[in-house]
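The next block holds one structure in the form of structure tokens; read it before the comments.
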Amino acid sequence: MYRIMKDRNEAMKDEVRDFASELLKISSISQNEKKAAEFICGKMKQLGYDDAFIDNAGNAIGVIRGRTPEAAVILNSHIDTVSPDEEKWTMPPLSGKIEDGKLMGVGASDCKAGLASQIFAGALLKRSLLPMRGPFVVAATVAEENGCSIGLRKFVSDTLPSLGMKAGFAILGEPTGNGLYYGHDGWVEVNIHIEGANPFQVSDTARSINSDLSLVSINRNKFAAMEEMSIGRPVFNDNSGFRAADMCVSKRLRGSESSEEVVSWLNHEVGVLVQNERKVAVEVAVISENQKMYNGSRTIVKRVTNAWQTDPYSPLMQRARQSLSAAECEVRTGKWNLGRLGMGTAGSVFSGEFKIPVIGYGPGTEECAHAPDEFVLLDKIYESVYGTAAIVHGLVGIPVCGWTSDEI
């Protein structure tokens, strides 16, 4: 079985490379992904997916059905990218340039290469004529880089049930260097709003709170390997005889720590500072935004990504390790570091909100994500196509050629 897959994968390399390069040439900044979504949908149709369409959220969805209606494996990567700072790039961010075995461009590592790998993993399974017991779905989702995973939420809550399916497992194409990743810390953005009739009192209170929390942030970051906390400068606004100030506090969430606990802690810290300022009102709340998708639909989201972790000895991780090992791929496990606040994956949505077991497996690297001159190694993409196909078949494929499988 694996010999067939390896041969077919080798024969597809030029197709994979050309598709990934063309995808990088299409601008798909968060909430402006329409052209890229249509390009992806067209490719899945061309590759022979049983169904390919754009859903109501603007996600590009591809379906390969199995022999039974059991729970599906979801392959998820986001279409959108951050907006590149072109002054820091030595090449056009939308170049899709190929040089010295590297594919370069904004979104190369995070995570258009992962998306290309997942799309062609489906093609590889079809071309290898491997029977599938259960279905799997490629969900190329929108509006992830804004930190809210709006497209994914709509896919799981609306699109998947409309297909008559439920999710059994999920695999993220986020950058792991083709390691099996099973979790990361979270983050929350909180706004501190100060308001009062006396502009001097409001200004003094805002600066005092900012100074106190900045010292807390400096001390926490000093002894941490990754950024723990960030305090924005107060922004002042005068309206109808009142002065107001707003400042954003970003905080890393570890383990089971919740956004509510962070709000409670900040309320206590701020309350101590303003206890004698009776003419100043202070409100602490998680930041909410009314986000508009490229198709015109709107939704209100909170700026929070919870920490998550899949048990490294769970059935999903065990089967993924076994499948990669049987396919003679590297088996390496770990977690994302997420050195900068505001970074994350949709794993918290799958795991925390929908209780779907999820892992990551993609060709990019964290170090290249959101960085100038972002790139991914072509060999890693080809390896990811093969490895992803092996994992999917291990989860919902029918054993062939003497290959045996235990029930999960």
State which residue is surrounded by the most Cβ atoms within 10 Å (Cβ to Cβ) when the search covers only region 2-55 and only residues that are aromatic (Phe, Trp, Tyr) and free of Cβ contacts under 8 Å to residues at least 40 places away in the same chain. Phe39
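Table: residues versus (1) assigned by TED's automatic domain parsing to the domain that holds Asn337; (2) closer than 30 Å to Ile391 by Cα; (3) more than 23 Å from the chain's Cα centre (by Cα); (4) not in a helix (DSSP H, G or I).
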{"residue": "Leu160", "(1), (2), (3), (4)": "yes, yes, no, no"}
{"residue": "Ala170", "(1), (2), (3), (4)": "yes, yes, no, yes"}
{"residue": "Gly177", "(1), (2), (3), (4)": "yes, yes, no, yes"}
{"residue": "Asp204", "(1), (2), (3), (4)": "no, no, yes, no"}
{"residue": "Ser208", "(1), (2), (3), (4)": "no, no, yes, no"}
Just to be sure before I move on: is Glu289 surrounded by 12 or more Cβ atoms within 10 Å (Cβ to Cβ), among the charged types (D, E, K, R), at pLDDT below 95 and within 19 Å of Asp212 (Cβ to Cβ) in the structure I sent? no
Residue identified as of a type outside the set (Val, Ile, Thr), farther than 14 Å from Phe19 by Cβ, in a helix (DSSP H, G or I) and in the same structural domain as Gly360 (by TED's automatic domain parsing) among Ala37, Ala57: Ala37
What's the total number of residues in region 93-133 that are basic (Lys, Arg), surrounded by fewer than 24 Cβ atoms within 10 Å (Cβ to Cβ) and either out of contact with any Phe, Trp or Tyr (no Cβ under 9 Å at 6 or more places or on another chain) or farther than 18 Å from Glu366 by Cβ (or both)? 4
I'd like the residue in region 1-31 that is modelled with pLDDT of 95 or more and polar (S, T, N, Q) and, out of all such residues, is nearest to the chain's Cα centre (by Cα). Ser28
It is to be established whether one or more residues within region 354-368 are part of a helix (DSSP H, G or I) and either at pLDDT below 95 or within 18 Å of Thr141 (Cβ to Cβ) (or both). no
When residues of region 134-157 are limited to those that are assigned to a strand (DSSP E or B) and not hydroxyl-bearing (Ser, Thr, Tyr), the one surrounded by the most Cβ atoms within 10 Å (Cβ to Cβ): Ala140
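The values are calculated or read from the model by the stated rules, or taken from the named source; none is laboratory data. Just so it is clear, the model here is predicted, and its values are computed rather than measured. Because the Cβ atoms are built from the backbone with ideal geometry, glycine has one as well, and the counts that use them run over all protein chains shown.
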